[in-house]
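Let me begin by presenting the structure, written as structure tokens, before commenting on it.
The values are calculated or read from the model by the stated rules, or taken from the named source; none is laboratory data. Not measured: the values here are computed from a predicted model. Using ideal geometry, Cβ is built from the backbone for each residue, glycine included, and neighbour counts are taken over all protein chains shown. Protein only, heavy atoms only, side chains kept; ligands, DNA and RNA dropped before computing areas. Shrake-Rupley method; radii C 1.70, N 1.55, O 1.52, S 1.80 Å.
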Amino acid sequence: MADEPRSGVDRLPIKLIMRKQGVEKLVTGGGGKKEPFRSVDAEYRQRLANQVKAIRDAVMPLVEPEGAAPARVKLIHKATAKSHRPDDLFSLQTCPIVGAGRPGELFIKATTAGLERLENTISSNVSAQIVKQLSCIESIEPITPIFRRSGLTAADILRHSPRSKEGFTARIQLFNLGPDDHQDFLLKDFHATCTKSGISISSDGYSTSSMVFSAKCRTVDDIERLSKIIGVRSIAQMPLIRNVRPQATNSMKLPKLLTPADIEGEAPVVVVVDSGISDQIPELNAWIAGRESYVAPAYRNTDHGTFVAGLICWGSELNPNLAGIDNSPCGVFDLQVLPNTDPSKGDTDGLTEQEFLVALKTALQQHANKYKVWNLSLGTDAICTLDAFSQLAVELDNLQEQFQVSFVISAGNYTTVPLLGYPREHGEIGAGRITAPADSVLGITVGSISHVDYKKSGPNENHPSAFSRHGAGPNHIIKPDLVHYGGACAIDGSHITGVRSIIGSGSAENIGTSFAAPLVSRNLAHIYDQITPTPSPVLARALLTHHARDPRNGERVPDGEENFFGFGLPATTPYCIQCTPYSSTLVFEDALRPRYFLEWDDFPYPPSLKKDGRYFGEIWMTIAFAPARGPRWGSEYCETHIDAHFGVYQDVVSRSTGEVSQKFAGLVPPEHKNPGSLWESHQIQSLRKWAPVRTYHGKLNDEKGERGNRWRLKLQLLTRHGVGDIEALKPQPFALIITIADPKKTVMVYDEMAQIVLNRFQAENLAVRATARVRSTE
């Protein structure tokens, strides 16, 4: 790991490369082979045609004459790649594809006329393209009530739904057939059925495009009726939002702590979206920038929120032996949304997903311009799947994009004894996966690592805490994103050694991923605060991630362990936004257009790291972006992806002619890739395609180096759904960070690169403003 950066007046600033200096070029080539996956004979065609006819006969009479109905298409395993998608078979002339579910599952919009044309195409079209696409199809099926309930009975859903005076609250999602009259028909039919049945519905808190509603159901029959509505995609219990019930240990009196009177300048602020912060602690009150409550007084219990706030304000002072926390001052804004759930602390109440979203959006409308980091040490009991993003995560992504803020979210706690060991056994992988909304694509999810060494009965120091949930997230995106110290315990739940924070009028220890998240929130708040003008969430996230490292050794997190460590333990703020004498960091913020790539040819490289035509050194890159997203596409929720390539042109001599040509060789490969799989379902996992953050690392051979002529950087945008999807065609903003370093610390890389960049690019220093600091006592 590189040495610590300089501080004060002689700091070495990161170089920001101005926009539109890469050369934009059209992507050429493409188009795969048209060989079918299976024999498309008369018997196979007849089977598919019969399935289409069955949908036309059974379903279409329910929506005629002006309506449309969704239907389900299942693809064979080898045909799940987007290049094999049957867009010509299911087209605007037949039944167009309008969504996706799990890998290999598509939804089409069926009309009577479209089904007739589809049946005719299946039976008689012999073009190579249609034959190839027909060979991809496993089945074409109607949407059934049991499918809408995800295999559960109506009684199961009612029993698990939150109960109130108005009834049991379920969550309904409709299909999105696109912006036309057919969608209006589905909505009218849904509203009419609910009105006739006396079922109260509301879409408050949910984005319009999500087509999500809450429904107050009184009986099992109400669930059955909703399950039979043509336009319903899913029906489930309305999730409840909760946090960890604090179990404080080892109480102590408060030491003397830093107050705003002790600092010069203005400290950054983190919004604590939690159970509220006590107003009975004068030292803590001084750090509270404001308060807002959505909890009735009878249901307030501020224990959890106070503990979280204490870690943001005084994480270092209360835990002086923990790494990764500096003593930079940080304040909090108290956003109280979670009611008391502990009967020993008074009356209890619940908070539904919908109520939470309504309160959160209201607060964002009032405070998002001022406060950019929002700590969400909360979650649900819903374990995230690998093939679908939770609705709560989707809504949090929408809010982060709309208000340009960052949510820092706890990964969730595993509470069933025995807890989780490390390495995790096979049986622990599924049960210990993260819980919603930790699968938020734009959110920064934080897992917990242990600061204590349990030789026999628990994790080693700097290994994942026994209670900390792990990834991967849906679509195999890396979750958690980062880790921090959240306390430790033995696998049997005993021998608890927590992180220390505020409780009552004193301090105590506690454990949970809830208490790792605020330590990352304060780091991120300082990045937002110190860079001017305020960075985009994408750039702030990239800077936070770029210098994260494996807490066990300070190196890169190895392939195969990213689902437990994410990208690692983040560095403190000075390290994130400065360079060292032996390294140079460049930041690129720009946008990519579909069907084009950006190229920076003859990319600068330190002359002292080149000898006899060979390059030496170490390079790491981080690319972050907010992908275009489509909830109706299920596991294909992320619709854009950026590929980065950084390497050199090398001479290649033809064996037959002796002619010399040049070939590009990438020298900074993506991390956590495990290459070698052939099919898209494996590529998603192996190459982390469609993930919002990607890291790259290359350590050139220390002894021999890597031969090459000149360096080249190339970035290309990939889209899932082609020209038919407007959102996927918008330019994709991104932030790319590249660090070139001398691991031997002998070459003054910074000085060399600064001079080259000055001549090569339009660039400026990444502007950093003076941060709040402790007043001198002299």
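Annotations for the structure displayed:
- Straight-distance crosslink candidates among lysines, where the alpha carbon sits under 24 Å from LYS744 and sequence neighbours closer than 8 are dropped: LYS15, LYS610, LYS611, LYS699, LYS704
- Extension reserve of the VAL774-ALA58 stretch, reckoned as 0.36 nm per residue once the Cα distance is removed: 250.4 nm
- TYR44/SER608 FRET efficiency (R0 41 Å; Cβ-Cβ; nearest 0.05): 0.05
- Heavy atoms of ILE737: accessible area, 1.4 Å probe, square angstrom to 10: 0
- Distance in nm between pseudo-label sites at LYS456 and SER127 (7 Å out along the Cβ direction from Cα): 7.2
- Full-stretch length increase - ALA286, ASP751 - with 0.36 nm per residue and alpha-carbon distance subtracted: 163.1 nm
- Looking at region 381-485, the DSSP beta bridges with both ends there are about 25 percent antiparallel.
- Largest first, the three principal axis extents of the alpha carbons in the chain are 87, 86, 49 Å in whole numbers.
- Simple spin-label estimate for ASP204 and ARG707 in nanometres, 7 Å along Cα-Cβ: 7.1
- The alpha-carbon of LYS188 sits under 17 angstrom from the alpha-carbons of these aspartates and glutamates, leaving out residues fewer than 8 places away in its chain: GLU64, GLU66, ASP180.
- Three-way shape call for region 194-276 based on the alpha-carbon gyration tensor, with the a/c threshold at 1.5: prolate
- Label zone at GLN402, where the point sits 7 Å out along the Cα-to-Cβ direction: region 341-370 residues whose backbone N lies under 12 Å: 357-366
- Helix content alone sets the calculated 222 nm mean residue ellipticity of the chain: runs of n ≥ 4 DSSP H residues at -39500 (n - 2.57) each, divided across all residues, give -7000 deg cm²/dmol.
- Candidate residues GLU66, GLU589: accessible-area rank, largest first, probe 1.4 Å: GLU66, GLU589
- To the nearest 10, the accessible area of MET748 is 80 Å² with a 1.4 Å probe.
- Gyration tensor (alpha-carbon) shape descriptor, region 390-456, a/c threshold 1.5: prolate
- Take 525-537, 753-765 and order them by the average number of nearby Cβ atoms within 10 Å per residue, most first; the result is 525-537, 753-765.
- Shape category assigned to region 519-632 from the gyration tensor of Cα positions, a/c cut at 1.5: rounded
- Close Lys pairs in region 68-176 (alpha-carbon distance under 25 Å; sequence gap of 8 or more, or different chains): 8.
- These residues, ARG47, ARG655, ARG218, ARG85, go from largest to smallest accessible area, 1.4 Å probe, as ARG655, ARG218, ARG47, ARG85.
- Extension gain, ASN553 back to ALA298 (0.36 nm per residue minus Cα-Cα distance, nm): 87.0 nm
- VAL126 contributes an accessible area of around 110 Å² to the protein surface, as traced by a 1.4 Å probe with all chains present.
- Reachable lysines, given that their alpha-carbon falls under 30 Å from the alpha-carbon of LYS455 and they are not under 8 places away in the same chain: LYS479
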